[in-house]
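See below for the structure under consideration.
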Amino acid sequence: MAILQKHGKNSNLDLANLKDNPPDNFGTLGSQKKWAESNSTWTRPLARIWTLVLLLGTCLLYCARVAMPICAVTMADKFKWSKSETGMVLGSFFWGYCFTQVLGGYVSDRVGGEKVLLLSAAAWGAMTAFTPILARLCSQPIVSMTLARFLMGLLQGVHYPSLASLCSQKVVESERGFLMSTVGSGSYLGTLVIGGAGSLMLDLYGWESVFYVTGLLSVLWAYCMWKYLLKGEGPIITLESLGSGGAQSKLSKRHWLRLFKQPAVCAVIITHLCTASTFFTLLSWLPTFFKDTFPDAKGWVFNVIPWFVAIPSSLFSGCLSDHLIGQGFDTAGVRKLMQFFSMGVSSIFTLSLCGTTTFPMAVAFVSATMGLSTFSHSGVSVNVQDLAPSCAGALFGVMNTCGAFTGVIMVYFSGYLIETTGSWASVFALISVVNLLGLGTFLLFAEARRVDIEGTKSKYHNIHI
């Protein structure tokens, strides 16, 4: 393919020399990170235990997050919400999600990601369990549910930045890829679980049961992590601990300005913004689409099959990209190829939903869309580590903040389009246009050379770190 190009073996030798003899530009930062890795990293057996625990935590995170979209149709009927009001409730999550991304990474870098993960999980788990109670206590459920979703976004916004910080502090570089890819698949597993079990609980026991079970399981997970992995140590976060962070968390204003002037960094942010906003829109509105278009269809079918396809698709994309890079193909070309499948090919199936008249075809197109969209984990999501490994966590927080902000707008605007046009075709067309905009930006400007260290720009280009 045109965007794929093999490079010589010298780049691998240069990479080895770079790892063994880091340039002087690293300075104190490089030595402190080496010291931290050699003295405070997990052993391999302990890392495997943490991998499973964090996988389960991410699974429960998405169970709690998707509980509201799963129950949205039933709750809208009960409380007499319009499509716009339903979109406001669903979209309020992303308003809260916007504000704690960078803060979560900042605090985690100073006190430890495991403490932030523990406190946030206990809080959003309790909030999920209390959601039905809040709906009944308030005379205006639309107000209480909008506020509850906003708080859920605030509390869950710290999860991924804290996860990235914890991984950089406790996992050796050679094993970070396995942990992050495995834990990342928890998002699809959680959506799959809540799509199947949640739909059954919704039909058998009512919408309240979905929130009760998910919330209590999340609190139980947080307790088990505190009891057995943290050995009952209190997750105390003090002002003193916040001010005593390591050198790796102190990035100068000049450093960030130089990063944001790089076209490749801007391309990563814009592409992730488009990817996240379209994913959030599909996540929020697909259950309603199937209920409106195929009212007699079983909820567990359309809430399970797409995510069942997404899990192996995500794993396959990671194996494929690593294999291509291992065969000597240009890293930037591989990243672009993965993003082409994620945003370009998936848009074909998204547009195909506009003229779908049968339930099996709709499920097939949605499954293909969601499966292909997971290729972004081997595209733009990894590209940020290619560009700026020294501050990838903080930069990811910035990217996710932008993605969450546009997710708010697209979720609400999609509800407005459905209500005014009476057609789902306008929503699927909007998703496709945003995807193609992000894809075009990525294909034009994306690179894989490091831009966070000035001295390595000319020598170490198109390398995978």
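The values are calculated or read from the model by the stated rules, or taken from the named source; none is laboratory data. Keep in mind that what you see is a predicted model, and the values were worked out from it rather than measured. Every residue, glycine as well, gets a Cβ built from its backbone with ideal geometry; the counts of neighbours run over all protein chains shown. Note: accessible area is taken over every heavy atom of the protein model, side chains too, but ligands, DNA and RNA are not part of it. Shrake-Rupley method; radii C 1.70, N 1.55, O 1.52, S 1.80 Å.
Annotations for the structure displayed:
- Figure legend. Inter-residue proximity from the stretch 185-206: first residues surrounded by fewer than 24 Cβ atoms within 10 Å (Cβ to Cβ), second residues of a type in the set (Ser, Thr, Tyr), beta-carbon distance below 6 Å, spacing 6+ or different chains. Indicated pairs: Ser185/Ser314; Gly186/Thr58; Met201/Ser209.
Conditions (1) open to solvent by 20 Å² or more (accessible area, probe 1.4 Å); (2) among the acidic types (Asp, Glu); (3) within 29 Å of Trp285 (Cα to Cα), marked per residue:
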{"position": "Gly91", "(1), (2), (3)": "no, no, yes"}
{"position": "Trp95", "(1), (2), (3)": "yes, no, yes"}
{"position": "Thr100", "(1), (2), (3)": "no, no, yes"}
{"position": "Val116", "(1), (2), (3)": "no, no, no"}
{"position": "Leu119", "(1), (2), (3)": "yes, no, no"}
{"position": "Ala123", "(1), (2), (3)": "yes, no, yes"}
{"position": "Met127", "(1), (2), (3)": "yes, no, yes"}
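- Of the residues screened, Val102 is one that is of a type in the set (Val, Ile, Thr), modelled with pLDDT under 85 and either within 30 Å of Phe308 (Cβ to Cβ) or part of a helix (DSSP H, G or I) (or both).
- Some residue of the stretch 49-60 being in a helix (DSSP H, G or I), modelled with pLDDT of 90 or more and polar (S, T, N, Q): yes
- Filter result for Lys298 (open to solvent by 30 Å² or more (accessible area, probe 1.4 Å), among the basic types (Lys, Arg) and at pLDDT below 90): yes
- Extreme residue, nearest to Phe260 (Cα to Cα), among residues of the stretch 402-429 that are open to solvent by 10 Å² or more (accessible area, probe 1.4 Å) and within 21 Å of the chain's Cα centre (by Cα): Cys402
- For Ala394, the stated conditions hold: it is part of a helix (DSSP H, G or I), farther than 26 Å from Val309 by Cα, in contact (Cβ under 8 Å) with a residue 40 or more places away in the chain and among the aliphatic types (A, V, I, L, M).
- On the stretch given as the stretch 61-89, residues that are assigned to a helix (DSSP H, G or I) and open to solvent by 40 Å² or more (accessible area, probe 1.4 Å) total 7.
- Checking Gln248, Gln262 one by one, the residue that is surrounded by 15 or more Cβ atoms within 10 Å (Cβ to Cβ) and modelled with pLDDT under 55 is Gln248 and no other.
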